[in-house]
Each structure stands twice: as structure tokens, then as C-alpha cells.
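Values quoted throughout were computed directly from the atomic coordinates according to the rules given, and no laboratory measurement underlies them. Everything numeric here is computed off the predicted structure, so don't read it as measured data. Don't worry about glycine lacking a Cβ; one is built from the backbone with ideal geometry, like all the others, and counts go over all protein chains shown.
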Amino acid sequence: MDQHDPDEARIAHFEKEENFRWITSLLATTSPVELDQLVPESTQEAVYSLAEFAEIAHGSIDPNWVINDENRMFLGDAGFPLEQYPTLTGKVEGSIEPIELIKVFHGGRGQLQGFCALRMQPRSPAHAICNNESPPAPYRPQIILAFSGTSNPTLALYDIHAALVPYKS
């Protein structure tokens, strides 16, 4: 990963704790295939917007606390953890977007944390991920199901678990 590339820096910003990049650096190789075409900017923005929800599902902080409107505004101030998270902090149009947390859940193996939330009035480009309409379709309500893998050492061990099994031919 090129640390000087602004796009890569933004991606890395969302990955502060144990995650797949850490495991990849230990076990994976780089593909010899080079990509020659980027996805449209609107799709990139939509993915970044959704990535913000996966980041708070990581498990370090309770999503109930983070999604609280007052906490999101406070955490989005300069120097705080959500400073670069415009979807969560409501900085897309200057006021806080209502997000209703429905349920926080934990997996049976490794305590993988996730949550379900409703965005009844989305203000970010995440709505357009499946549309290539011009002009974009009106923002539609969204159900967010967010979870983040490899959030603790137990999950890292599950990630690298491999068993040699003969192929039946």
C-alpha cells in the first residue's frame, strides 16, 4: 500500500485496529494483475459512507453510545475519532442525520460484534451504490447491517485456520 496515495490513506484511516490488512501482511501475496480502471467516484463515496458503519461495529466501543446524536456530533469535532466520518457525524449537510439503532448483536464464535440500524433520511451518497442514474435518484431509507471481522485475537486465529483436506476426484 502506497502511504502517500490520498485514496489509500483514506482507506487506511478506517482501519485502525486488528483487521484483515494485518493478517494479509503476514500471509498473503500481491496479485500480479494491475487494475487499469477505477470505479466511478460516486460508487467510491458510497462505499466510504457505508464503511463508517462497519468501523463502529468493530467492537472497541458500544455502538449504542456512538450512534447517540449528541455523541456523534461531539466525536466528529476536530481531533476526535469521527472527525473524518461525514456520514456518521451529519457533516454532509451540516446537521445531524437521524440514525436509529435497532439491535446490537454478538456472534457465537469470537464475539464478533455487529448492529442493525435505520437511516430513514440518508444524506450521503450511499443510496446510489446500485444506481447509475443521472441525476441520482432521491435518497431512500436504508437498513444498515454492519459488522466488522477480525476484531480480536480469537477471530484472527479463525481467519488463519486452514485444514488440508484431500480433493475428491
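Calculated from the alpha-carbon coordinates, the range 49-94 shows an Rg and a Dmax of 9.7, 28 Å respectively. Name all residues of the range 60-74 having a backbone nitrogen under 17 Å from the label point set 7 Å from the Cα of His106 along its Cα→Cβ direction, giving them as ranges. Answer for the range 60-74: 60-66.
Applying a DSSP loop filter and a limit of 12 other Cβ atoms within 10 Å to the GluC sites (Glu not before Pro) in the range 44-124 leaves Glu93.
What number, in percent, do you get for the relative contact order of the range 46-116 if the mean sequence gap of Cα pairs under 8 Å and at least 6 apart is divided by its residue count? Present the calculation step by step, with values, prior to reporting the outcome.
Values: 77 pairs, mean separation 20.6, N = 71.
Value for the range 46-116: 29 percent.
Couplings 3J(HN,Hα) of the range 64-79, computed from phi: 4, 6, 5, 6, 3, 3, 5, 5, 4, 5, 5, 5, x, 5, 4, x Hz, in residue order, whole Hz [Karplus 6.51 cos²θ - 1.76 cosθ + 1.60, θ = phi - 60°; x for Gly and Pro].
Annotation: amide H-H contacts under 5 Å for Gly90 (H modelled 1.01 Å from N, sequence separation of 5 or more, or interchain): Glu97.
Distances between placed amide hydrogens fall under 5 Å for Gln142 paired with Arg119, Met120, all partners being 5 or more residues away or on another chain. The string of couplings for the range 101-114 from the Karplus curve (6.51, -1.76, 1.60, θ = phi - 60°) is 7, 8, 7, 9, 9, 10, x, x, 10, x, 6, 4, 9, x Hz, one whole number per residue in order, with x for Gly and Pro.
Each residue of the range 38-53 was assigned a 3J(HN,Hα) from its phi angle through the Karplus expression (A = 6.51, B = -1.76, C = 1.60, θ = phi - 60°), giving 8, 6, x, 4, 5, 5, 4, 5, 5, 5, 4, 4, 5, 4, 4, 6 Hz with x at Gly and Pro. Placing a pseudo-label 7 Å from each Cα along the Cα-to-Cβ vector at Ile96 and Ile143 gives an inter-label distance of 2.6 nm.
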